[in-house]
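Reading through the structure tokens given below for one structure.
The values are calculated or read from the model by the stated rules, or taken from the named source; none is laboratory data. Everything numeric here is computed off the predicted structure, so don't read it as measured data. Note that we place each Cβ from the backbone using ideal geometry, even for glycine, and neighbour counts take in every protein chain shown. These accessible areas exclude ligands, DNA and RNA; they are computed on the full protein's heavy atoms, side chains included. Shrake-Rupley method; radii C 1.70, N 1.55, O 1.52, S 1.80 Å.
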2 protein chains.
Amino acid sequence: MSQEKEIYRSELAERQQVIKNEGLPVIVMLEGWSAAGKGSALGSIIKFMDPRFFRVYNMDAVTEEEMRRPFLYRHAVKMPMKGQFSFFDGSVMDEVTYQYLTDEISKEEYDAKVESIVHYERQLRDNGYLVVKFFLDVSEKDQKKRIEKLLDSKNTKWRVTKKDLWQNKNYKKCKKVFDDYIKRTDTKECPWHRIKADDKDQVESIIANTIIAEIDAAVKKPHKAEIQSNPYELVKMPKLSKIKLEGKELTREEYQKKLKKLQKELSALHNKIYRKKIPVIIAYEGWDAAGKGGNIKRVASALDPRGYEVFPIASPTPEEKNRHFLWRFYNRLPKTGHIAIFDRTWYGRVMVERLEGFCSENDWKRAYNEINEFEKDLTDWGAIVIKFWVQIDKDTQLERFTLRQNTPEKQWKITDEDWRNREKWDLYEKAIDEMIAKTSTEFAPWFVLESNDKKYARIKALEIIIDEIKKRL
Amino acid sequence: MSQEKEIYRSELAERQQVIKNEGLPVIVMLEGWSAAGKGSALGSIIKFMDPRFFRVYNMDAVTEEEMRRPFLYRHAVKMPMKGQFSFFDGSVMDEVTYQYLTDEISKEEYDAKVESIVHYERQLRDNGYLVVKFFLDVSEKDQKKRIEKLLDSKNTKWRVTKKDLWQNKNYKKCKKVFDDYIKRTDTKECPWHRIKADDKDQVESIIANTIIAEIDAAVKKPHKAEIQSNPYELVKMPKLSKIKLEGKELTREEYQKKLKKLQKELSALHNKIYRKKIPVIIAYEGWDAAGKGGNIKRVASALDPRGYEVFPIASPTPEEKNRHFLWRFYNRLPKTGHIAIFDRTWYGRVMVERLEGFCSENDWKRAYNEINEFEKDLTDWGAIVIKFWVQIDKDTQLERFTLRQNTPEKQWKITDEDWRNREKWDLYEKAIDEMIAKTSTEFAPWFVLESNDKKYARIKALEIIIDEIKKRL
């Protein structure tokens with residue numbers, strides 16, 4: 001082993017301790033031409049690292065499960081925790097450019113995906129990740145030689161895929177798309193390192209030393225995330241104080257009659273979206289005791305239990321807290337044709353996390369845009385995204401809290417925290433107004449459910465869900 | 001809605017609160033003939049339940065990911081947390097009997113799987129789960145009628161699968177296997193409820209009322225788990241005190257030479273097991289500061305990083321603590337052709353959990369057998385299971401602790417807990433002797449790595465791994 005190799009391998013192993021101490025998560029994306037030597041370079045540079053604290057992902061084969069999720073899903077769920085490394089051998093670039101080159105997706109779809117990738121990578125950086133991207137370059141002639149060499153030996157022949165051969169045959173066409181892709185995703189947050197892969201030892205040395213230098217730079221001068229201005233069309237929404245609650249009620253008879261009719265209708269629609277493979281995401285936010293649980297129950301009980309899931313969102317686990325705040329929601333996205341209902345959501349970022357100081361001011365101010373981008377990706381994928389704000393007034397909340405406190409079977413539903421949150425009603429109201437104003441995009445607007453009368457709110461929720469699904473069929 | 005239906009639906013919804021308070025996890029397995037109405041019965045009885053605290057799984061389609069894991073994996077990873085319900089629409093019976101009936105597996109493989117299922121269900125019950133199993137019976141004639149009715153309507157036609165038609169055509173053959181399966185898996189821990197599915201309303205009523213009755217019984221009289229006697233051949237192992245550590249050392253030169261040679265050999269073998277799709281599980285246990293981390297590093301750095309994972313096992317998260325103690329290991333099993341290395345393992349149950357009182361005496365006494373059954377399933381699946389005990393003496397540990405304490409870069413490796421554990425050395429030694437004696441099965445024996453000289457232990461580990469893989473090729 002050359003002395004140089006020994007040095008950078010040791011230094012990289014030492015950086016594991018550095019990123020652990022700094023709580024810095026590092027993502028290395030290794031892209032490049034087939035047969036450029038990505039895998040072996042990766043295998044070499046990590047030799048001295050502690051294998052308990054990094055992961056290597058070969059992103060070649062997309063599983064069935066993954067195919068039924070948004071295209072960024074399989075990447076997002078693999079993001080490392082604070083202080084750890086994830087290495088991607090081939091990543092989203094390889095996948096998306098190949099789809100485009102083989103006409104699996106249109107130019108328009110391709111452009112949208114590239115746009116999503118730019119957003120996604122920026123979000124990673126802004127949320128504390130260091131993203132180091134490499135592209136290994138090989139000339140047409142050189143690639144041909146390498147493939148032929150692999151084919152020559154019984155031990156390596158099986159590693160040459162049809163895709164590799166296709167790529168070499170279509171080298172010029174691929175090069176044009178690769179160049180364009182790299183240009184468009186070469187951002188200041190996540191710039192590319194393009195390396196000529198002529199000499200194996202040199203490639204490894206450049207990769208290792210670049211990672212080392214980027215870590216040192218990131219530690220020395222932490223990234224300052226900018227607040228992006230919102231690029232999406234917004235729907236104008238009223239402030240909470242302007243929402244009329246009086247008179248929005250139903251008699252028990254009206255309620256029962258409508259409930260039965262609407263549940264039947266939703267049940268039939270569920271069947272249709274299942275067969276058409278349309279995913280649906282229903283997000284519930286609202287005041288404590290606003291009636292989210294009962295509302296969700298009336299929606300869920302109209303659905304085929306094999307085709308939906310309800311996720312109650314509590315405070316994040318350590319695994320969740322130490323990653324991008326959207327990670328735990330990526331992990332809970334429905335499959336195509338399925339419905340996911342969230343009882344509290346990613347909007348916790350701009351409500352409880354903001355008000356309790358669980359994230360920085362920069363974090364929650366950035367989050368409006370990050371959430372809009374996330375929801376844009378979901379709707380681009382084909383999902384119907386429905387967001388409910390369940391609204392009650394302060395007196396109604398007090399009534400319900402008091403009832404819970406005084407009814408033994410309901411006492412588990414009320415905690416000291418609920419009372420503490422109630423004291424901050426005005427601060428929350430301000431935050432909620434801002435949230436609704438900034439995230440009511442055209443593709444994923446908020447719907448307010450007036451819930452002083454829970455029956456009214458349930459019927460309205462069912463009507464909206466039915467409406468939104470019908471629009472899509 | 002009939003009054004009776006309203007009553008059992010409400011009662012079932014109330015039981016959600018009961019199992020939550022009692023911390024009782026409930027698994028309902030609904031099996032039966034095709035077109036017996038499993039799905040609709042399930043959909044009906046859960047109507048009043050709170051959808052945030054139960055899950056329904058349709059187990060029909062086995063995904064690619066799941067196919068590359070042991071057959072119980074896809075069931076095990078879906079076990080509910082304490083206080084929650086999981087409903088399985090079709091479960092392991094349907095899968096295994098169909099494989100046998102269509103000659104996908106031999107009689108011998110089928111018998112082994114049925115045996116595993118009996119173990120698995122008993123383990124669930126013994127670990128605090130309530131398992132309620134139903135089989136919906138339909139006569140040949142009746143099934144035919146039901147299928148024809150489904151085929152008659154455009155809206156339901158698509159729900160009839162080839163398998164359904166096949167089953168009706170082979171009704172008698174299927175019935176024989178079903179009867180036999182039910183007989184063999186009708187245990188006192190998890191008995192079957194066989195229901196004639198003639199009348200839809202009656203079926204729903206029986207299912208709901210049975211679940212209610214079983215919950216009430218389980219709450220009234222908690223299950224007493226028996227300690228099973230070990231049925232497996234054991235390999236005779238020496239006590240720790242009899243293991244010679246002196247003289248088991250290598251010079252730096254011998255070590256470097258052997259290391260290079262063995263890593264090269266292992267690297268080539270990794271390629272072979274990848275192509276032959278053989279999974280490998282390597283489990284490391286040992287005293288604090290015995291050198292597990294460095295040992296694992298020497299193994300891992302010989303492997304292709306895309307084909308292995310290292311799992312450091314710390315104390316369980318709440319999600320893990322509130323399930324069967326093996327759940328978090330089911331979740332970390334390798335895919336076929338991959339290697340999983342565990343830095344600490346499921347043996348925590350009979351060491352730290354036993355000595356710190358994190359589980360009951362009955363729990364850890366049962367665990368030897370539960371672990372043997374788990375490892376038997378892994379080897380039946382085709383895995384190579386290698387278990388290392390990394391052994392040092394008490395003086396060597398003190399030396400290493402002191403070195404860590406006095407070396408700034410190593411201080412993070414030593415905690416107060418390490419010192420506290422050291423005080424319990426004798427208690428641990430007794431527990432480890434018992435563990436090694438009781439779980440050194442012929443299919444998954446323990447290997448002791450003498451590690452007063454870490455170099456010696458690393459070379460021995462590599463040699464054993466190479467040996468065990470070679471035996472299988």
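Between B:ARG332 and B:LYS413, the modelled label-to-label distance comes to 2.0 nm, taking each label 7 Å out from Cα in the direction of the beta carbon. A simple rule links phi to the HN-Hα coupling: the Karplus curve 6.51 cos²θ - 1.76 cosθ + 1.60 with θ = phi - 60°, which for region A:101-111 gives 5, 9, 6, 6, 10, 7, 4, 5, 5, 4, 4 Hz, with x for Gly and Pro.
According to the Cα gyration tensor, what semi-axes, each the square root of 5 times an eigenvalue, does the equivalent ellipsoid of region B:3-45 have, listed from largest to smallest in whole Å? Spell out each step's value before the answer.
Values: eigenvalues 107, 50, 6 Å².
They are 23, 16, 5 Å, listed largest first.
Express the accessible area of region B:256-365 per residue in Å², computed with a 1.4 Å probe while the remaining protein chains stay in the model.
Working: 4340 Å² over 110 residues.
Averaged over the residues of region B:256-365, the accessible area is 39 Å².
Each principal axis of the Cα cloud of region A:96-202 was evaluated for its coordinate range; sorted largest first, these ranges are 46, 35, 22 Å. Taking label points 7 Å from Cα along the Cα-to-Cβ direction, B:LYS157 and B:GLU399 give a separation of 8.0 nm.
Amide H to amide H distances under 5 Å link A:ASP137 with A:ILE195, A:LYS196, A:ALA197, where only residues 5 or more positions off or on other chains count and H is placed in the peptide plane.
Within region B:154-202, all pairs of alpha-carbon atoms sorted by distance into 10 Å bins from zero give the percentages 20, 33, 38, 9, 1.
Quick one: putting +1 on the C-beta of Lys and Arg, -1 on the C-beta of Asp and Glu, what dipole do you get for the protein assembly as shown around its Cα centre, in Debye to the nearest 20?
Numbers: 180 positive and 158 negative charges, 393 e Å.
The dipole magnitude comes to about 1880 debye.
On the principal axes of its alpha carbon atoms, chain B extends 80, 46, 38 Å, with the longest extent given first.
Legend: calculated FRET efficiency, B:SER229 to A:LYS242, from the Cβ-Cβ distance at R0 = 60 Å, rounded to 0.05, equals 0.25.
Interface area, chains A and B: about 3700 Å² of buried accessible surface, summed, with a 1.4 Å probe and ligands, DNA and RNA left out. Starting from the label point of B:LYS321 at 7 Å along Cα→Cβ, the same points in the other copies fall at 1.4 nm, in ascending order. Positive-end ranking of A:VAL132, A:GLN16, A:ILE27 along the dipole of region A:1-152, with charges on Cβ about the Cα centre, is headed by A:GLN16. Dimensions of region A:56-156 based on its C-alpha atoms, expressed as ranges along the principal axes with the largest first, amount to 46, 37, 28 Å. Using R0 = 60 Å, the C-beta based FRET efficiency linking A:TRP425 and A:LYS176 works out to 0.55.
Projected area of region B:307-403, taken from the Cα convex hull and averaged over every viewing direction, in nm²?
Numbers: hull surface 31.9 nm².
Dividing the Cα hull surface by four gives the mean projection, 8.0 nm².
Cross-link pairs exceeding 21 Å between alpha carbons, from the set B:LYS20/B:LYS321; A:LYS470/B:LYS162; B:LYS292/B:LYS471; A:LYS175/A:LYS196: A:LYS470/B:LYS162; B:LYS292/B:LYS471. Taking the accessible area of region A:4-126, probe 1.4 Å, and keeping the other protein chains in place, the carbon and sulfur fraction comes to 47%.
Round to the nearest 10 and give me the degree value, 0 to 90, for the angle of helix A:361-381's Cα axis relative to the longest principal axis of chain A. Here the helix axis deviates by roughly 80 degrees. Shown for region B:22-52: residues covered by the partner protein chains by 40 Å² or more of accessible area relative to the chain by itself (probe radius 1.4 Å), namely B:LYS47, B:PRO51, B:ARG52.
Only helices enter this figure: runs of n ≥ 4 DSSP H residues, each worth -39500 (n - 2.57), summed and divided by the residues of chain A, yield -16000 deg cm²/dmol at 222 nm to the nearest 500.
Counting from the shortest, the label point at A:LYS145, 7 Å from Cα toward Cβ, is 7.8 nm from the same position in each remaining copy. Projecting 7 Å from Cα along the Cα-to-Cβ direction, the label point of B:ALA217 sits 6.9 nm from its equivalents in the other copies, listed shortest first. Under a model in which nothing but the beta-carbon of Lys, Arg (+1) and Asp, Glu (-1) is charged, region B:378-469 shows a dipole of about 340 debye around its Cα centre. Amide H contacts under 5 Å for B:VAL390: B:GLU285, B:GLY286, B:TRP287, B:LEU449, restricted to partners 5 or more places along the chain or on a different chain, H placed in the peptide plane at 1.01 Å from N. What separates the Cα centres of region B:108-165 and region A:249-291 is a distance of 30 Å.
Kindly rank B:295-305, B:225-235 from highest to lowest mean number of other beta carbons found within 10 Å of each residue. Mind showing how you got there, number by number?
Working: B:295-305: 22.0, B:225-235: 13.3.
The densest-packed peptide leads the list: B:295-305, B:225-235.
Once backbone amide H atoms are built at 1.01 Å from N, A:ASN58 has A:ASP89 as its partners under 5 Å, excluding neighbours fewer than 5 places away on the same chain.
Per the Debye formula on identical point scatterers at the alpha carbon atoms of the protein assembly as shown, with no solvent, log10 I(q)/I(0) at q = 0.05, 0.07, 0.08 Å⁻¹ is -0.33, -0.67, -0.90. Taking the centroid of alpha carbons for each part, region B:387-454 and region B:207-240 are 31 Å apart.
Which length gain, in nm to one decimal place, applies between B:LYS183 and B:ALA13 when the Cα-Cα distance is subtracted from 0.36 nm times their residue separation?
Stretched out fully, the B:LYS183 to B:ALA13 stretch lengthens by 58.0 nm.
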